[in-house]
Amino acid sequence: MLKPTRVLAAAVKSWKHTLNLPQSAFPARPSAQDTQKYLKSCSDELYAWQLEHRPASLPRGTSVTSSDVANNIFVLHDGPPYANGQLHIGHALNKILKDLILRVKLAEGKRVHFVPGWDCHGLPIEMKALQLRRQPQLEVGLAGGDTQVQNKGDSKRQAPGDHTQMSPVEIRRVARELATKTIEAQKADFRKWGILGDWDNAYKTMEKGFELRQLEVFREMVVNGEVFLVRIVAITGFLTQRETGS
C-alpha cells in the first residue's frame, strides 16, 4: 500500500486551516437535559405567551398582515382522532400540518386558538376494547410508550369472562377505560412532537358536557327543520327502508 509522502502528510494536517468555518460556543445540538426545556419553551410556553400578549383585534390599517382586517384571532378547529391506539404516520401528517399553519399565523402576528380533541365513540374503539378483552397481553403503552406484547400466548385464548356475554353497558365501560388510557398516551406523544395547542383543556366526545351540547345542537336542527325522514323504496318494490338525513 502506498504511504503518503512527508509533504502530503503535512498538507493534509493544514487543510482545515484553509476553511473559513464559524467559531461559536453554541452547541451543535442540545444536550439531553436541555431538550425538554427547549421543547416546552417553543410549544406549550409559546402557546400560553401568545394568548396573553397577542391582542384579539387591531385597529384598521395597523395589522401586521397584508390584509387590512380588525380581527386578529385565528381559530383552527381540530378534527379529532380516534382514541383507540398508538400514534402512526397519519396522526403525524395531520397534526404537523396543522402545527405549520398555526406557526405561520403566529409569524403573521395573529393570536391563534387550537383546542385539540379526541373522538371517543364508534365501532373502532369498541372493536379495540373487545380485542384487548380477548387478548389481555396486548396492552396500550402509557405516557408515550409503544404498544407492547407482554406475553406471547395463543391469540385465540379467551380472557376470563367471554366478551360475547358482555352487556352493552359493560362494553361501553371497557371502551371508556381504553379511550381514557389512550388519550393520555397520545397526548404525551403529541407534546413530544412539539405541537402547539391547549392540551390541558383538550375536549373528549365522551364527556357529559360535550354530549349535552351535541344534543342541544341537534334539537336546534330539528326545530329549524334541518333533520327529516327519508323513505327509500328499493327498485323491486319488496324492500322499504327509512333513514335519517339532514
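Things to note:
- Residue in the stretch 214-230 that is modelled with pLDDT under 90 and open to solvent by less than 40 Å² (accessible area, probe 1.4 Å) present: yes
- Criterion violated by Met206 - all others in (1) surrounded by 13 or more Cβ atoms within 10 Å (Cβ to Cβ); (2) assigned to a helix (DSSP H, G or I); (3) modelled with pLDDT of 90 or more satisfied: (2)
- Per-region count, the stretch 179-196, residues of a type in the set (A, V, I, L, M, F, W, C) and open to solvent by 10 Å² or more (accessible area, probe 1.4 Å): 2
- When Thr244, Thr164 are screened for being in a helix (DSSP H, G or I), loosely packed, with under 10 Cβ neighbours inside 10 Å and either at pLDDT below 85 or in contact with a Gly (Cβ under 6 Å, 6 or more places away or on another chain) (or both), only Thr164 passes.
- Restricting the stretch 99-121 to residues that are assigned to a helix (DSSP H, G or I) and hydrophobic (A, V, I, L, M, F, W, C), the residue that is surrounded by the most Cβ atoms within 10 Å (Cβ to Cβ) is Leu102.
- Qualifying position, being surrounded by 10 or more Cβ atoms within 10 Å (Cβ to Cβ), at pLDDT below 75, of a type outside the set (Ser, Thr, Tyr) and more than 29 Å from Gly85 (Cβ to Cβ), among Val233, Val149: Val233
- Across the stretch 1-27, the qualifying residues are those that are open to solvent by less than 100 Å² (accessible area, probe 1.4 Å) and closer than 30 Å to Gly194 by Cβ, and the one among them that is modelled with the lowest pLDDT is Pro27.
- In the stretch 44-98, the residue that is farthest from Thr182 (Cα to Cα) out of those that are small (Gly, Ala, Ser) and either modelled with pLDDT under 80 or assigned to a strand (DSSP E or B) (or both) is Gly61.
- Picking from residues in the stretch 82-98 that are in contact with a helix residue (DSSP H, G or I) (Cβ under 6 Å, 6 or more places away or on another chain) and more than 23 Å from Leu46 (Cβ to Cβ), the one that is most open to solvent (accessible area, probe 1.4 Å) is Tyr82.
The values are calculated or read from the model by the stated rules, or taken from the named source; none is laboratory data. Note that the coordinates shown come from a computational prediction; the quantities given were computed from them, not determined experimentally. Backbone-built Cβ (ideal geometry, glycine too); neighbour counts: all protein chains shown. The area values use the complete protein model at the heavy-atom level, side chains included, leaving out ligands, DNA and RNA. Shrake-Rupley method; radii C 1.70, N 1.55, O 1.52, S 1.80 Å.
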